[in-house]
1. From the backbone phi of the stretch 150-162, what are the Karplus-calculated ³J(HN,Hα) couplings (6.51 cos²θ - 1.76 cosθ + 1.60, θ = phi - 60°) in whole Hz, Gly and Pro given as x?
2. On a 1.4 Å probe surface of the protein chains, which of Val13, Val193 comes out largest in accessible area, and what is the full order?
3. Going from most exposed to least, what order do Thr25, Thr43 have by accessible area with a 1.4 Å probe?
4. Keeping all protein chains in place and using 1.4 angstrom, which order do Lys207, Lys132 fall into by accessible surface area, from largest down?
5. Run the 1.4 Å probe and let me know the accessible area of Leu129, rounded to the nearest 10 Å².
6. So, R0 is 35 Å and r is the distance between the beta-carbons of Leu4 and Arg97; what FRET efficiency does that work out to, to 0.05?
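The values are calculated or read from the model by the stated rules, or taken from the named source; none is laboratory data. Everything numeric here is computed off the predicted structure, so don't read it as measured data. Counting neighbours? That spans all protein chains shown, and the Cβs are built from the backbone with ideal geometry, glycine included. Surface areas here come from the heavy atoms of the whole protein model, side chains and all, with no ligands, DNA or RNA. Shrake-Rupley method; radii C 1.70, N 1.55, O 1.52, S 1.80 Å.
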Amino acid sequence: MTILDAVLAFAVVAGLLTLVPGLDTALVLRSALTRTRPYAWATALGVATGAMVWGVAAAVGISALLTASELAYRVLTTAGAAYMLWLGISMIRASFRGGPGTGATGATTPEVPGPAWRGWLVGAGTNLLNPKVGVFYIATIPQFLPPDTSPLLMGAVLAGVHCALTMTWFAALILGGGWARRWLSDPRALAVVDRVTGAVLMAFGGKLLLDAPSR
């Protein structure tokens, strides 16, 4: 298998994964609907950063510890689940308090104050603390490493392909979300977005906690 063959084959697998609705998609879409556009782009870049780290780690064999060590997997799973549950609960609580993401009825939705780097931290933290992403890379990237190639370099290339596909998909979400948010000036509608996203985060966190003991 040549490098080009490996890249094309991996692009097909990664592309299909990107289109499957999941936690990262929910976070970026929610940011596009209820936050500023720079915040949404920063969230997307944070997700891509996390994916890049996971991909390189899988290529050099570091993240293989997750499959070899029960303790490592459970610690990371518990940390990721706790983070997602906290984030989800915070979003739901803020929606009932009329917090970030709500706007005045009949007016343009206000930009939420705060630096965009917070969006990056949310995206990167959510991705890095989700062991399912690591498991995906562990299972796929080693299969697309041609012989006589640098695992680190090839892992970075394959992870870069996944990041490019992910950012293309997120761009569509952000641009579409920007159009949609003009119609979401009602604070009650934005509160629903926060509550649904918070529920998704809590569901993912709960599933991680349930899956860890059965691994």
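1. Each residue of the stretch 150-162 in turn: 5, x, 5, 5, 5, x, 5, 5, 5, 5, x, 4, 4 Hz.
2. Ranked from most to least accessible, the order is Val13, Val193.
3. Of Thr25, Thr43, the descending order of accessible area is Thr25, Thr43.
4. Order by accessible area, largest first: Lys207, Lys132.
5. Here the accessible area works out near 50 Å².
6. 0.10
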